[in-house]
Amino acid sequence: MPLQLPATLSPSKVASFKDCALAFKFSAIDRLPEPPSIAATRGTLVHLALQHLFGLPSAERTMEAALHCLERATTELRPDPEFCGLELDGEGEDQFLAEAEQLVRRYFELEDPTTIHPIGIELMLEARIGDLRLRGIIDRLELDADGELVVTDYKTGRAPVERYEQGRLGGVHFYSFLCEELLGRRPARVQLLYLADPLAIITVPTDQSTRGLRTKVRAIWSAVELACEREDFRPKPGPLCTWCSFQDRCPAFGGSATTSAPAKAEPRALAAL
Ligand code: SF4
């Protein structure tokens, strides 16, 4: 019997399917729980602190206020299973919080938040391409000095080396596409703010990037449909396996998950992505 298709596609699901179809199946279709990770929870905490910062009037968005926002975010996140599940001891928690503080401080090297005019923070957008529902949460949507839309995504991991930069922009192009579909305006700029480095990777969406995004998303969705129909999700061993929560189930690591059907070539459109 064909597997149940996921209800929506998001940038993280697109990236996950491209990275490893089997890990995508475990996460997006089987919905297996994954233990929290320090990196992901630190990201959640810093995003929440910046969300609180942009809830303040512009003139009050100082470094001191941002550190208060981080304290508030820590208090809010502490009872959450994502935080408790890390089971940090005193020393581990001190290090975790110090690293989060470092990211918040570095954010100020990238921009002056008192000059930003946000119109949406943690904004959930959903649009359709045919029967496919696309969904994404935009960290920050703002207006620039000319009244144009700008999409910003905060990253708390390290920036990619230059040759991988365009690949990492796939998510922000996705958000740009959602804005255009829902608000009727293409953002003038999409940017990834890598807080750890700190580094901003900025791009300008075009007709070509929007067309490319549509083609890519359709190709991914066709490949997901085909994989569900054939119950055929292959493991794709690579560097990401180090952080994969599903190693004990993965045939590439001696696990027993079946991937069914004999190997066939990837759909051509997907292989080219
Ligand atoms: S361990 Fe590697 S190959 Fe296996 S499911 Fe995870 S990412 Fe895919």
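Selection among His117, Gly212, Ala59 by position relative to the dipole of the chain gives Gly212 as farthest towards the positive end (Cβ unit charges, Cα centre). Anyone know which of Ala66, Ala39, Ala21 comes out most mobile in the 10 Å Cα GNM of the chain? Its mean-square fluctuation being the largest, the pick is Ala39.
Per the 1.4 Å probe, what fraction of the accessible area of segment 204-260, in percent, lies on carbon and sulfur atoms?
Values: 1800 of 3440 Å².
Of all accessible area on segment 204-260, carbon and sulfur atoms account for 52 percent.
Using the Karplus relation 6.51 cos²θ - 1.76 cosθ + 1.60 with θ = phi - 60°, the per-residue 3J(HN,Hα) values for segment 150-157 come to 10, 9, 10, 10, 7, 10, 9, x Hz, with x marking Gly and Pro. Summing Cβ point charges (Lys, Arg +1; Asp, Glu -1) relative to the Cα centre of segment 1-147 gives a dipole of roughly 820 debye.
Put a plus charge on the Cβ of each Lys and Arg, a minus charge on the Cβ of each Asp and Glu, and nothing anywhere else: the dipole of segment 46-97 about its Cα centre is then about 360 debye. Between Ala28, Ala49, Ala40, the residue with the greatest mean-square fluctuation in the GNM of the chain (Cα pairs under 10 Å linked by springs) is Ala40. Taking the accessible area of segment 79-144, probe 1.4 Å, and keeping the other protein chains in place, the carbon and sulfur fraction comes to 46%.
Charging the Cβ of each Asp and Glu at -1 and of each Lys and Arg at +1, and nothing else, the dipole of the chain about its Cα centre rounds to 1440 debye. Ranking Ala127, Pro198, Phe108 by how far each Cα lies toward the positive end of the dipole of the chain (charges on Cβ) leaves Ala127 at the top.
Using the alpha-carbon positions of the chain, Rg (one decimal) and Dmax (whole number) come out as 19.8, 61 Å.
What's the Kirkwood radius of segment 1-107 in Å, using all Cα pairs? One over the average 1/r among Cα pairs gives 15.9 Å for segment 1-107. Between the listed residues Val172, Pro235, Gly157, the Cα displaced farthest toward the positive end of the dipole of segment 140-250, a dipole computed from Cβ unit charges relative to the Cα centre, is found at Pro235. Distance between the C-alpha centres of segment 203-220 and segment 88-122: 31 Å, rounded to the whole angstrom. Comparing Asp144, Asp19, Asp89 in a Gaussian network model of the chain (Cα springs below 10 Å), the most mobile by mean-square fluctuation is Asp89. Between amide H atoms placed 1.01 Å from N, distances below 5 Å from Arg234 occur with Ala21, Leu22, all of them 5 or more places distant or on a separate chain. Accessible area per residue for segment 1-67 is 47 Å², calculated with a 1.4 Å probe on protein heavy atoms, without ligands, DNA or RNA. Computed from backbone phi, the HN-Hα couplings of segment 182-190 come to 8, 9, x, 9, 7, x, 6, 7, 10 Hz, rounded to whole numbers (Karplus: 6.51 cos²θ - 1.76 cosθ + 1.60, θ = phi - 60°; Gly and Pro given as x). Rolling a 1.4 Å probe across the protein heavy atoms gives segment 165-228 an accessible surface of 42 Å² per residue.
Taken over segment 58-187, the convex hull of the Cα atoms encloses 157 Å³ per residue. Solvent exposure of segment 73-155, expressed per residue, is 51 Å² of accessible area, with all protein chains present and a 1.4 angstrom probe.
The values are calculated or read from the model by the stated rules, or taken from the named source; none is laboratory data. The structure presented is a predicted model; accordingly, all values stated were derived computationally and were not measured. With ideal geometry, Cβ positions are generated from the backbone for all residues, glycine too; neighbour counts draw on all protein chains shown. Surface areas here come from the heavy atoms of the whole protein model, side chains and all, with no ligands, DNA or RNA. Shrake-Rupley method; radii C 1.70, N 1.55, O 1.52, S 1.80 Å.
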